[in-house]
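The values are calculated or read from the model by the stated rules, or taken from the named source; none is laboratory data. Model, not experiment: these values are computed from the prediction. No Cβ is skipped: glycine too gets one built from the backbone with ideal geometry, and neighbour counts run over all protein chains shown. Surface accessibility is based on the protein's heavy atoms, side chains included, excluding ligands, DNA and RNA. Shrake-Rupley method; radii C 1.70, N 1.55, O 1.52, S 1.80 Å.
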Amino acid sequence: MTGLILRLAGPLQSWGERSAFSAVRDTAPFPTRSALTGILAAAEGLPRGAALDGYDPLQFTVRIDRPGVLLTDYHTAGGGYPTHLTAATSGGKNKGDAVITRRHYLADAVFVVAITGPEQRITDIAGALQHPHWAPYLGRRSCVPDEPLLLRADAADPVTDLLTRIPLSSPNTDERQGPPQRTGPHSVPVEFLWEHPPTNGNDAVHLTSYDHPVTFDGRERAHLKRHLYRTVEQLPAHLLEHGEHTLHEHLIDYALQLTGSMQRTETTP
């Protein structure tokens with residue numbers, strides 16, 4: 001099935017799972033379906049109250065290149081101001097004091113996501129991601145994504161590309177931790193999250209998450225339960241070996257492979 005591929009990387013990411021406006025703003029350990037849908041909907045310019053059923057046929061497969069490190073930010077807002085300038089309450093009054101929250105982030109995480117679905121739908125979404133109505137961010141507006149965000153707009157088999165072609169980020173951000181773990185000279189273990197039970201025979205851990213969005217309307221925000229299956233896949237070790245080139249150069253090479261082949265075809269007599 002045709003699809004597109006996103007690479008979600010940056011200094012900070014935050015994929016809220018359970019909290020809304022509580023004192024602790026959590027993050028899931030991976031991009032939620034709600035957040036991924038939000039990135040696509042923002043690119044297409046959908047208002048918050050718009051129907052989201054256009055994203056229901058899509059399937060998301062997540063490769064966890066680097067899970068990141070959990071970071072907690074002690075955050076205050078509105079302290080030291082007169083009462084009428086402090087944060088508003090749901091009843092229309094003012095709190096009178098600083099609002100204190102603890103916000104969780106994933107630092108230095110990297111996820112690569114294959115999105116598959118109907119061809120025309122994928123084409124429309126890819127076009128929006130290339131020229132987004134609202135800029136994408138990694139869960140919170142302060143979490144800016146690295147380039148390239150859109151690795152491939154029209155992959156013929158994006159899941160196979162996750163398994164065999166797309167360069168891997170090192171699981172270690174600190175070189176003093178040593179080289180990445182390998183299970184042999186030719187493979188490296190990498191975690192995957194699937195929305196359907198994998199058929200490759202690998203053992204899968206069944207997870208559930210209430211992150212399938214029904215509506216983003218702030219007055220009646222709602223999500224459905226989603227089933228996930230976590231596996232460890234053995235990927236070719238050469239995906240980690242970048243030689244004289246940087247990882248970024250290899251990612252750009254992958255992203256431009258189809259474009260380059262099309263250009264060569266067009267110029268060949």
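Structure summary
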| read-out | value |
| --- | --- |
| Region 42-61 - residue that is without any contact (Cβ under 8 Å) to a residue 60 or more places away in the chain and touching a His at 6+ places or on another chain (Cβ under 9 Å) and, of those, farthest from SER22 (Cα to Cα) | ASP56 |
| Every pair of residues 6+ apart whose Cβ atoms lie under 6 Å, when the first sits in region 62-88 and is more than 28 Å from ARG7 (Cβ to Cβ) and modelled with pLDDT under 85 while the second is open to solvent by 70 Å² or more (accessible area, probe 1.4 Å) and part of a loop (DSSP other than H, G, I, E, B) | THR86/LYS95; ALA87/LYS95 |
| Some residue of region 233-253 being at pLDDT below 85 and not in a loop (DSSP other than H, G, I, E, B) | no |
| Breaking point among (1) of a type in the set (Lys, Arg); (2) in contact with a Ser or Thr (Cβ under 7 Å, 6 or more places away or on another chain); (3) free of Cβ contacts under 8 Å to residues at least 40 places away in the same chain, for ARG102 | (3) |
| Filter result for THR164 (among the hydroxyl-bearing types (Ser, Thr, Tyr), loosely packed, with under 14 Cβ neighbours inside 10 Å and either modelled with pLDDT under 95 or out of contact with any Cys (no Cβ under 9 Å at 6 or more places or on another chain) (or both)) | yes |
| Condition broken by LYS93, with the remaining ones in (1) closer than 23 Å to ARG226 by Cα; (2) among the charged types (D, E, K, R); (3) open to solvent by 10 Å² or more (accessible area, probe 1.4 Å) satisfied | (1) |
| Number of the exception - ASP217 against (1) charged (D, E, K, R); (2) in a strand (DSSP E or B); (3) open to solvent by less than 80 Å² (accessible area, probe 1.4 Å) | (2) |
| Filtered residue count, region 1-59, keeping only those that are open to solvent by 30 Å² or more (accessible area, probe 1.4 Å) and basic (Lys, Arg) | 3 |
| For HIS133: the one exception among (1) assigned to a loop (DSSP other than H, G, I, E, B); (2) modelled with pLDDT under 95; (3) more than 21 Å from LEU251 (Cα to Cα) | (2) |
| Matching option when the condition is assigned to a strand (DSSP E or B), over 25 Å from TYR229 (Cα atoms) and open to solvent by less than 60 Å² (accessible area, probe 1.4 Å), among ARG152, ARG103, ARG140 | ARG103 |
